[in-house]
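The values are calculated or read from the model by the stated rules, or taken from the named source; none is laboratory data. Bear in mind that the values here come from a model prediction, so they are computed numbers and not experimental data. Note that each Cβ is placed from the backbone with ideal geometry, even for glycine, and that neighbours are counted across all protein chains shown.
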Amino acid sequence: MPNAILDPTGRADVATTVPAPAAAFELAPRQPDPSGLRIGLLNNTKHNAALLLAEIGDVLAADHAMSVTIAETKPNFAAPAPADLVERFRLECDVVVTGVGDCGSCSASAVADGIVFERAGLPAAVICSDAFAVTASAMAELRGAPGYQYLLTEHPVAVLDADQVRQRAKRLAPEVVAMLTQPSSQ
């Protein structure tokens with residue numbers, strides 16, 4: 001076999017085709033003002049995720065008269081949110097905050113969840129730690145939403161004490177609001 005190239009996937013006999021381009025990804029419509037919006041919080045079971053999201057919910061309630069209507073935990077941090085849970089959020093919330101992507105698989109899964117919520121019509125703010133931005137962005141591309149924006153926070157989140165989590169939530173809250181609302185035209 002002169003000049004043969006071996007396919008390491010073992011699929012040399014499988015015809016390769018270029019997939020059809022996916023429909024352009026669009027974010028769910030956003031309100032210009034966060035006041036009065038109903039927030040859903042979906043934590044992914046990672047240590048400090050529930051506390052961080054609850055603290056963000058408290059800040060948004062105090063600063064913007066938003067109300068937390070659902071605070072749920074995913075059944076599995078690495079699997080997508082189940083369809084029935086997404087539907088419940090869609091019916092009971094105006095916006096969703098989810099995370100915390102503090103490892104490779106949970107960052108990818110958090111971004112996948114954000115995209116699912118956006119496609120269901122719910123603006124989503126996904127929080128991932130900065131160490132896993134590559135994984136999170138790769139998942140966005142795989143899910144047909146290249147360039148999907150999510151929030152980054154310093155890694156790690158899991159080892160923070162309660163006061164550090166509260167401080168982190170206060171720093172993230174304005175970014176969450178900006179992600180969940182449309183920018184004002186000034």
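Can you go through Asp58, Asp63, Asp84, Asp94 and tell me which one is acidic (Asp, Glu) and in contact with a strand residue (DSSP E or B) (Cβ under 7 Å, 6 or more places away or on another chain)? Don't jump to the end; show me each part of the working.
Numbers: Asp58 fails: in contact with a strand residue (DSSP E or B) (Cβ under 7 Å, 6 or more places away or on another chain); Asp63 fails: in contact with a strand residue (DSSP E or B) (Cβ under 7 Å, 6 or more places away or on another chain); Asp84 fails: in contact with a strand residue (DSSP E or B) (Cβ under 7 Å, 6 or more places away or on another chain).
Just one listed residue meets the conditions, Asp94.
Can you tell me which residue is surrounded by the fewest Cβ atoms within 10 Å (Cβ to Cβ) among those in the stretch 86-113 that are among the β-branched types (Val, Ile, Thr) and outside any strand (DSSP E or B)?
Start the filter on the stretch 86-113 by keeping residues that are among the β-branched types (Val, Ile, Thr), which leaves 86, 95-98, 100, 111.
So of that shortlist, the ones also outside any strand (DSSP E or B) come out as 86, 111.
Working: Val86: 20, Val111: 31.
For the stretch 86-113, the residue satisfying everything is Val86.
Taking Pro21 as meeting all but one of (1) in contact with a strand residue (DSSP E or B) (Cβ under 9 Å, 6 or more places away or on another chain); (2) modelled with pLDDT under 95; (3) more than 23 Å from Arg90 (Cα to Cα), write down the number of the exception.
(1)
Which of the residues that make up the stretch 132-159 are among the acidic types (Asp, Glu) and either at pLDDT below 95 or part of a helix (DSSP H, G or I) (or both)? Spell out how you get there, then give the answer.
If we filter the stretch 132-159 for residues that are among the acidic types (Asp, Glu), which is where we start, we get 141, 154.
Matches in the stretch 132-159: Glu141 only.
What are the pairs, 6+ residues apart or on separate chains, where a residue within the stretch 151-179 that is touching a residue at least 60 places away in the same chain (Cβ under 8 Å) and within 25 Å of Pro34 (Cβ to Cβ) has its Cβ under 9 Å from a residue that is among the polar types (S, T, N, Q) and assigned to a loop (DSSP other than H, G, I, E, B)?
Once the first residue is touching a residue at least 60 places away in the same chain (Cβ under 8 Å) and within 25 Å of Pro34 (Cβ to Cβ) and sits in the stretch 151-179, its partners that are among the polar types (S, T, N, Q) and assigned to a loop (DSSP other than H, G, I, E, B) give Val157/Asn48; Val165/Asn48; Arg168/Asn48.
Taking only the stretch 42-60 into account, find how many residues are surrounded by fewer than 24 Cβ atoms within 10 Å (Cβ to Cβ) and either out of contact with any Cys (no Cβ under 6 Å at 6 or more places or on another chain) or in a strand (DSSP E or B) (or both). Spell out how you get there, then give the answer.
Let us first name the residues in the stretch 42-60 that are surrounded by fewer than 24 Cβ atoms within 10 Å (Cβ to Cβ), namely 43, 45-48, 50-51, 54-55, 57-59.
From what is left, the residues that are either out of contact with any Cys (no Cβ under 6 Å at 6 or more places or on another chain) or in a strand (DSSP E or B) (or both) are 43, 45, 47-48, 50-51, 54-55, 57-59.
Residues that pass the stated criteria total 11.
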